[in-house]
1. Work out from phi, with θ = phi - 60° and the Karplus expression 6.51 cos²θ - 1.76 cosθ + 1.60, the ³J(HN,Hα) of each residue of region 261-276, listed in order in whole Hz, and give x for Gly and Pro.
2. Hey, got the dipole for the chain? About the Cα centre, +1 on K and R Cβ, -1 on D and E Cβ, debye to the nearest 20?
3. Treating only the Cβ atoms of Lys and Arg (+1) and Asp and Glu (-1) as charged, compute the dipole magnitude of region 330-380 about its Cα centre; round to the nearest 20 debye.
4. How high is the relative contact order of the chain, in percent, counting Cα pairs under 8 Å that sit 6 or more residues apart?
5. Roughly how many whole Å is it from the C-alpha centroid of region 229-291 to that of region 343-390?
6. From the residues PHE517, SER503, LEU470, which one has its Cα farthest along the dipole of region 455-529 in the positive direction, the dipole being from +1 and -1 charges on Cβ of Lys/Arg and Asp/Glu about the Cα centre?
7. Could you compute the net charge surrounding LYS441? Neighbours are other residues with a C-beta less than 10 Å from the C-beta of LYS441; K and R count +1, D and E count -1.
8. Go ahead and estimate [θ] at 222 nm for the chain from helices alone: -39,500 (n - 2.57) per DSSP H run with n ≥ 4, summed, over the residue count, rounded to 500.
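Each reported figure results from applying straightforward, stated rules to the coordinates on display, with no laboratory input. Predicted model, so just to flag it, every value in this text is computed and none were measured. No Cβ is skipped: glycine too gets one built from the backbone with ideal geometry, and neighbour counts run over all protein chains shown.
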Amino acid sequence: MKRLLLSCLVLVLTFSNLRADEGMWLPFLIKERIAHMQEKGFKLTAEDLYSINKASLKDAIVHFGGGCTAELISNQGLILTNHHCGFRQIQSHSSVEHDYLKDGFWAASQKEELPNPKLDVRFLVRMEDVTDKILDSYKESMTESQREKIVATNSAKVVSEATKGNHYEAKVESLYYGNQYFLFVYETFTDVRLVGAPPSSIGKFGGDTDNWMWPRHTGDFSLFRIYAGKDNKPAPYSKENVPYVPKKFFTISTKGVNEGDFTLVYGYPGRTQQYVHSEAVRYILEKSNPHKIKLRTLRLDVQRAEMAKSQEVRIKYASKNASVSNAWKKWQGESKGIIRLNTVDKKVTFEEEFNKWAQDKPNYNGLLRKISLLYSKLEPYSFAIEYYNEAIIANEIVKLARDVSYIVKRGSKMAPQVLAKNVKSMLENFYKDYYLPIDKKIFIAIVNEYDTNVPNDMKPPYFRELKEKLGSVDKIAEELYSKSLLADSNKVYRAIKDGISNSTFTKDPAFVFFNAFNDNNLKNIKPITDKIQRELALLYRTYMKGQMEFAKEHNFYPDANSTLRIAYGNVSGYKPADAIYYKHYSTIEGIMEKDNPGIYDYNIPQELRDVYANRDFGKWTQDGTVPVCFVATNHTSGGNSGSPIINADGELIGINFDRVWEGTMSDIDFDPEMCRNISLDIRYALFIIEKVAGATHLIEEMNISQ
Ligand code: ARG
Ligand code: ASP
C-alpha cells in the first residue's frame, strides 16, 4: 500500500496532473481531447479545428520561415506573425536611409509590398498515422541499424506516394522516440512579401530587458502577404503573381479576454524534452547551460559595446544580437526553473519507482542503468560539440569558411565561373551585415574559453600546435583576421573573379582553421557520438513505451518536433513569488509608465505619445484604455511565436509570442502554477495599425467581429 501511494505521488509530481493544461496535441487526434476542451469552455468541434473533408482552422495557419507560425487574416493572403519573426526580413530591407527597424514600414498599396527571397510559408495539407507502413517487415529481433534502413526505405515510399501527381512536399516524422510515425504533407509558398511592421520601439518594446518576462508591453507583430500564381498555386516570385486566396482565414474578435476564459494556441512548437532521463537534465543544468550562457555573455558584451557606437553597426547586428540574446536569457530562466522544481531529483525518484516496477519485466529491467551509463560516455563528447557550436562556429568568419566550403564541395562539377557566381552572392549577403572588429573581438574571447574548458584530447591537434606556435589565441586571431581572404571583401572578390578552383581556398587560414575542427569532429567525435546516440535512441524507444505502461493514467502527448500542435488552457494570472500576484493583462498605461527617451529599450515613438495624450484609442479599448498583452496557461514552445491564440468561438484574439520568466523550463518540466504563454492582444495590434501607422486599408481587409 505504501509503495502504491508512493508511486502515485511520484506520478503526480513527475507528470504534473491533468487538471493542468500541459500538452501539445496533434490536430489529427484532437477528437480524443475535444470533450475535455469543451468542458473547459470550447464551443467548436474537432472537425472545425482539423479536417481533410472541409476547410478547417488548420488551413488558416502556416509554418513561417521554418521557425515561427503565422495565420491568415484576410481573403487576400494577408498573414499576421510576430515582429521578431519578421525581424530578419525587416532588417534586410533596412539601411541607414530607410531604417524600417527604427521607423517601421507600411506598404501603402500591394504594389509596395516587399519581396523576401529567402522566406517561405507552408500549409499542412494533412497528417496521417503511418506507423504500420513504416515498420512493415521490421522484426523485434533486428538490430538498430537494420531498423533504420527499413524505416528509411518505407518512409521514402510513403513520401513518394503522398507527393505523386501533386506539388506537395511530405515528410515522415517519428513521435515518442520512434514508437509512432506520422506523415505530414505540406504545400509551400515562396512568394511572401512584407506588408507592414511597427517601429522596433513598439514591436520590440522592452527589448532584451523585458524579453521572457511578464508584465510585458511588447507590440510584437508584423504583417506579410502570401502571393500565388494565377491558378492560386505556389509560384516563385513574380510581378505577375496575385494575392493567395486561402481556404480559410480567421475572424478577429475585439471582445477581449477575462480571467478564466478558454484559449487555444494553434501552431508549430519546435522542440521539447519532457520524457528524458534525469541524467540529461542534470547535464543541462550543471554543464551545458552554464557554459553556453558564459560564452554568449562574452559575445553580447562585445556586440553591445560596438552597436552603441554606430547606427550602421546597430542595424547590421540587430538581428544577430537578438538571436544570441534570446537563447542566452532563456537558458538562465530555464536553469532557475529546473532548480526550483527540483526536476532532477523528481526524475530520480520517478526512475527508482520505474525500476521497482520493471523488476519482473525483462523488457524494462536494467534499462535505466544502461541509459545512465550511456550518458556518462556521451557527456564529454556532447560538451565538446556544444563548444564547437557556441565557441568555434559562432565566429562569423569561421562559419563563413564552412558555408563557402560546402558550396564549393557541392559545386565541384560546376563550371568555375558559375560556382564563383554562387559563392559571390553568398559573400555579398554576408558582408552586408558584417563588422570585422566585432567578430575578431568575439573570436578572442570565446576561443580562449574553448581553450580553457575543452580537454586537450578533444581539440584538433592543429589547434593545439597553432596555439603553441603563435603563443596565444590573440595571435591566432591576428593571423586569421589579417591574412584570410574572407577578412577583406575586395580581396576575396578579386581572388574569385575568374572562377573558383579546388585550390582557391586551400591555404587560407580561415579555411584551414575550420577544416581542422571539421576533420576532428568527423574523425574523433562524430563516430563515437553517433554510435552512442543510436544506442540511446533504441533504449529511449523502450523507455518511452515503458513510461506509457507504467504511468497509464497520464495522458501522454508527443514531444514537440516542429509539427502542427494544439495547446489549450485558460487566461490566468499567476503568483511569481511570495506576496505577489501578476494580473493576466497589461495595458498602454504600462507603456507610458515605462516610456523613457533616455533608455533605448523604452523609448517609444512620438506618434504613440501623441495618440495617447489625446486618448485617441478608437474602438480598441477595454475599460477606457488599450489592452496590450495577456497571459494564459497554454503549453507552448519556441516556434509557437506568431501562433494564433483563439477564443472559445474559434476567433482570433491575439498572437502568441513568448513565455514568462518563471516558466521558461516548460520544454523540460511544465509547472501549471508558473508556466504561462504571453500573447499580444489583437486590439493593440489593430490600434497601432489604425492610429499610429494610419494603415486603415489593412483594417478594412480584415474580418472583425465585435
Ligand atoms: N523570447 C521570445 C522567443 O523566444 C521573443 C524573442 C524576441 N527576441 C529578442 N531577442 N527579444 O522567441
Ligand atoms: N518566443 C518564442 C518563439 O519565437 C516562443 C516561446 O519560446 O515561447 O517561438
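1. Per-residue couplings from phi come out as 4, 5, 9, 9, 10, 10, x, 10, x, x, 7, 10, 9, 6, 10, 6 Hz.
2. Around 1760 debye, computed over the chain.
3. Dipole of region 330-380, to the nearest 20 debye: 140 debye.
4. Computed over the chain, the figure is 24 percent.
5. Cα centroid of region 229-291 versus Cα centroid of region 343-390: 31 Å apart.
6. SER503
7. -1
8. Here the helix-only value at 222 nm equals -13000 deg cm²/dmol.
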